[in-house]
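> One structure, as structure tokens, below. Some questions next.
All of the numbers you see were taken from the coordinates with simple rules; none came from a lab. Given the structure is predicted, the values throughout are model-derived calculations rather than measurements. Reconstructed Cβ throughout: ideal geometry from the backbone, glycine too, with neighbour counts over all protein chains shown.
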Amino acid sequence: MRQEIIRKTIHLSVSAFVPLAYLFLNIPKLWMVLLLGIASIAIVIIDLGRTHYKWLSKTFEILFNGMLRSHELAGKLTGASYVFIGSFISVVIFPKEIAILVLLFTAFGDTAAALYGRKFGKFRIWNKTLEGSIVGLIACFIIASFFPQIPNIVKFSGAFAAMFIELLPIKIDDNLRIPLFAGFVMYGLSILFI
């Protein structure tokens, strides 16, 4: 559990930084796209490089070995790569408020669901827990409440969509599927209700 807490603390710090910077530093969309594009490419190159270069693999082992999932150890992309790819795509596709909110759902909702579910979860649904999903949904609702400019039907449907897609046993990383699925739900609803 200790390694999972460290992993999720890093996940929360990195994945919350992007939308919070976009929100509070008032970075123009074009600059945010450029920064995230460059960061995504750099992180994916490092991530792929660890499977080809022994010195990079050793560095990864020293820094992150206890935190990497089995598929990541086997050479697949790490969650960090998907955080940046998901952030990049979300900022490119969605209006600023929706991009920020779905990235915060990913940061806080996914983290809350994983930590609570691992510690207290009893009712398993696929490889997740009902309790974790409920706590993740509550976290998303709390985050959504800080965005009064987005209609309730849009932001709370986005919260439901984020935790629904997080719960499903789909072989696409959560850091990619949560912001994209929730973002498309919110964007579609915003067209209808705004």
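> At q = 0.30 Å⁻¹, what log₁₀ I(q)/I(0) does a Debye calculation on the Cα points of segment 146-194 give, no solvent, two decimals?
At q = 0.30 Å⁻¹ the computed log10 ratios are -1.06.
> Next question. Most mobile of Ile165, Ile153, Ile138 per a Gaussian network model of the chain (Cα springs, under 10 Å)?
Checking each option, the largest mean-square fluctuation is seen for Ile153.
> Using θ = phi - 60° and the Karplus form 6.51 cos²θ - 1.76 cosθ + 1.60, what ³J(HN,Hα) does each residue of segment 99-114 get, whole Hz, x for Gly and Pro?
Running phi through 6.51 cos²θ - 1.76 cosθ + 1.60 with θ = phi - 60° gives 4, 4, 5, 5, 6, 6, 4, 5, 5, 8, x, 5, 5, 4, 4, 5 Hz.
> Summing Lys, Arg as +1 and Asp, Glu as -1, what charge do residues with Cβ under 12 Å from the Cβ of Val91 carry, Val91 excluded? Mind showing how you got there, number by number?
Values: positive: Lys29, Lys96; negative: Glu97.
Value of the local net charge: +1.
> Given springs between every Cα pair under 10 Å in a Gaussian network model of the chain, which of Phe120, Phe108, Phe141 has the largest fluctuation?
Phe120
> Could you compute the net charge surrounding Ile172? Neighbours are other residues with a C-beta less than 15 Å from the C-beta of Ile172; K and R count +1, D and E count -1. Can you show the working numbers first?
Numbers: positive: Arg69, Lys76, Lys128, Lys171, Arg177; negative: Glu72, Asp110, Glu166, Asp173, Asp174.
In short, 0.
> Tell me, which longest segment in the chain has none of the trypsin sites (Lys or Arg not before Pro) that fall in DSSP loops with at most 12 further Cβ atoms within 10 Å?
On the way: sites that count: Arg69, Lys122, Lys171.
Of all site-free stretches, the longest is 1-68.
> Select from Ser13, Ser87, Ser133 the residue whose mean-square fluctuation is largest in a Gaussian network model of the chain (Cα-Cα springs shorter than 10 Å).
Residue with maximal mean-square fluctuation among Ser13, Ser87, Ser133: Ser13.
> What are the ³J(HN,Hα) couplings of segment 54-59, residue after residue, when phi is run through the Karplus curve with 6.51, -1.76, 1.60 and θ = phi - 60°? Round to Hz, x for glycine and proline.
Working through the residues one at a time gives 4, 5, 6, 4, 5, 4 Hz.
> Rounded to the nearest angstrom and ordered from largest down, what semi-axes does the equivalent ellipsoid of segment 1-46 get from its C-alpha gyration tensor (root of 5λ)?
Values: eigenvalues 119, 49, 3 Å².
Equivalent ellipsoid of segment 1-46: 24, 16, 4 Å, largest first.
> A follow-up question, please. If the limit is 21 Å between Cα atoms, which of Lys122/Lys155; Lys128/Lys171; Lys76/Lys171; Lys58/Lys128; Lys8/Lys119 go over it?
Working: Lys122/Lys155 29 Å; Lys128/Lys171 13 Å; Lys76/Lys171 12 Å; Lys58/Lys128 31 Å; Lys8/Lys119 13 Å.
In this structure, Lys122/Lys155; Lys58/Lys128 exceed 21 Å between Cα atoms.
> Report the relative contact order of the chain, percent, no decimals, based on alpha-carbon pairs under 8 angstrom and at least 6 residues apart. Write down the numbers at each step before the final one.
Numbers: 242 pairs, mean separation 45.6, N = 194.
Relative contact order for the chain comes out at 24 percent.
> Does the chain come out rounded, prolate or oblate by the C-alpha gyration tensor, with a ≥ b ≥ c the root eigenvalues, rounded set by a/c under 1.5 and, if not, prolate when a/b is larger than b/c and oblate if not? Numbers along the way, then the final one.
Values: a/c = 2.09, a/b = 1.25, b/c = 1.67.
It is oblate, given that a/c is not under 1.5 and a/b is not larger than b/c.
> Output wanted: per-residue J couplings in Hz (rounded whole) for segment 149-161, from phi through Karplus 6.51 cos²θ - 1.76 cosθ + 1.60, θ = phi - 60°, x for Gly and Pro.
Values per residue, Gly and Pro as x: 6, 9, x, 3, 4, 6, 6, 6, 5, x, 5, 4, 4 Hz.
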